[in-house]
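Enquirer: Handing you this structure, nothing more for now.
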Amino acid sequence: MPLQIVHHPDYDAGFAVNHRFPMSKYPLLMEALRTRGLAGPNALNTAEPAPASWLKLAHAADYVDQVITCSVPDTIEREIGFPVGPRVSMRAQLATGGTALAARLALRHGIACNTAGGSHHARRAQGAGFCTFNDVAVASLMLLAEGAAHNILVVDLDVHQGDGTADILRDEPRVFTFSMHGERNYPARKIASDLDIALPDGTGDAAYLERLATILPELSARARWDIVFYNAGVDVHAEDRLGRLALSNDGLRARDETVISHFRARRIPVCGVIGGGYSTDVPALAARHAILFEVASGYA
Ligand SMILES: [Zn+2]
């Protein structure tokens, strides 16, 4: 069976091409996956909007209602970085439902990936930093509530610290949050994960991969994990507009290979989400995000 991929055309909320958030990476990622032969009919699964009852497991009920009814206060919209109109609202619900579906597919097939997700700056009370709902936190709490998982590990390798995930899950002992990120990157005030590793500006492939290889055995020794959520943000790349680390394409591929092979060798299901990536060269950016799917397809 091919790698199971979750997707929806409305992951693209149609921002202007010069918007700081490169929305066109979503359709271009799908094009890249088709070009690579990864998006056949047996591979694609269509995301459905996450129901409000799931969203409210992770987020304040009043904030969930504000997003669904497109009445988010201006102050919060400014922290998110864009207005929450009907398309953005639906996109947030779909991306979250997509990660939940990818998690279920991972539990069934060993590995699955969402072509969106990794909105790790959304906190319990509100969104922030281009993140409306925290899909990984919602999916984790949904799996726990349904009894589909009992011990969950979050491996967040986006260049930015996973402050929202840490905030939402800080009192949830059944989910362990790990973030490895650029020390001087957003957010300025970090919220402690269960384990954080902050890397200096300019950390390149060799030092990054060495740190990763030493930490993974420690993480898998902590518990018998039922599932790992892997945030494979590509903003660690040297050419990323927002990141301050300096990974190459080969470094990205080695990173994804290291993480996925580690957990799959231990038969732990892996749910991949794409996380952040910012570049004015959006086709190059989409190709960077496609690396996760290329690597994951080797373990499907
Ligand atoms: Zn990021």
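Enquirer: Might you let me know whether the stretch 16-38 holds any residue that is surrounded by 14 or more Cβ atoms within 10 Å (Cβ to Cβ), among the polar types (S, T, N, Q), part of a loop (DSSP other than H, G, I, E, B) and at negative phi?
Expert: Yes, the stretch 16-38 has at least one match.
Enquirer: Which of the numbered conditions does residue 166 fail, given that it passes all the others? Conditions: (1) within 16 Å of the ligand (Cβ to nearest atom); (2) open to solvent by 10 Å² or more (accessible area, probe 1.4 Å); (3) not in a loop (DSSP other than H, G, I, E, B).
Expert: Only one criterion is unmet by residue 166, namely (2).
Enquirer: While we're on this one: Please go through (1) surrounded by fewer than 24 Cβ atoms within 10 Å (Cβ to Cβ); (2) in contact with a Leu (Cβ under 9 Å, 6 or more places away or on another chain); (3) part of a loop (DSSP other than H, G, I, E, B); (4) not charged (D, E, K, R) for residue 83 and return the number of the only condition it doesn't satisfy.
Expert: Going through (1) surrounded by fewer than 24 Cβ atoms within 10 Å (Cβ to Cβ); (2) in contact with a Leu (Cβ under 9 Å, 6 or more places away or on another chain); (3) part of a loop (DSSP other than H, G, I, E, B); (4) not charged (D, E, K, R) one by one, residue 83 breaks only (2).
Enquirer: Residue 173 versus (1) away from the ligand (no atom under 14 Å from the Cβ); (2) open to solvent by 40 Å² or more (accessible area, probe 1.4 Å); (3) touching a residue at least 12 places away in the same chain (Cβ under 8 Å); (4) not acidic (Asp, Glu): which is the lone unmet condition?
Expert: All conditions are met except number (3).
Enquirer: Something else about it: How many of the residues making up the stretch 163-197 are small (Gly, Ala, Ser) and closer than 17 Å to residue 216 by Cβ? Give the derivation first.
Expert: Step one: list which residues in the stretch 163-197 are small (Gly, Ala, Ser), which gives 164, 166, 179, 182, 188, 192-193.
Adding the requirement that they be closer than 17 Å to residue 216 by Cβ leaves 179, 193.
So the answer is 2.
Enquirer: Also: Among (1) under 17 Å from residue 273 (Cβ atoms); (2) without any contact (Cβ under 8 Å) to a residue 12 or more places away in the chain, where does residue 252 come up short?
Expert: Among (1) under 17 Å from residue 273 (Cβ atoms); (2) without any contact (Cβ under 8 Å) to a residue 12 or more places away in the chain, the lone unmet condition for residue 252 is (2).
Enquirer: Could you tell me how many of the residues in the stretch 39-58 are outside any loop (DSSP other than H, G, I, E, B) and either crowded, with 19+ Cβ neighbours inside 10 Å or not small (Gly, Ala, Ser) (or both)?
Expert: First, pick out the residues of the stretch 39-58 that are outside any loop (DSSP other than H, G, I, E, B): 44-46, 52-58.
Adding the requirement that they be either crowded, with 19+ Cβ neighbours inside 10 Å or not small (Gly, Ala, Ser) (or both) leaves 44-46, 54-58.
Adding up the residues that qualify gives 8.
The values are calculated or read from the model by the stated rules, or taken from the named source; none is laboratory data. Keep in mind it's a predicted model, so treat the numbers as computed, not measured. Heads up, the Cβs are rebuilt from the backbone with ideal geometry, glycines too, and the neighbour counts pull from every protein chain shown. When the accessible area is computed, the model is the full protein with side chains, heavy atoms only, and any ligands, DNA or RNA have been set aside. Shrake-Rupley method; radii C 1.70, N 1.55, O 1.52, S 1.80 Å.
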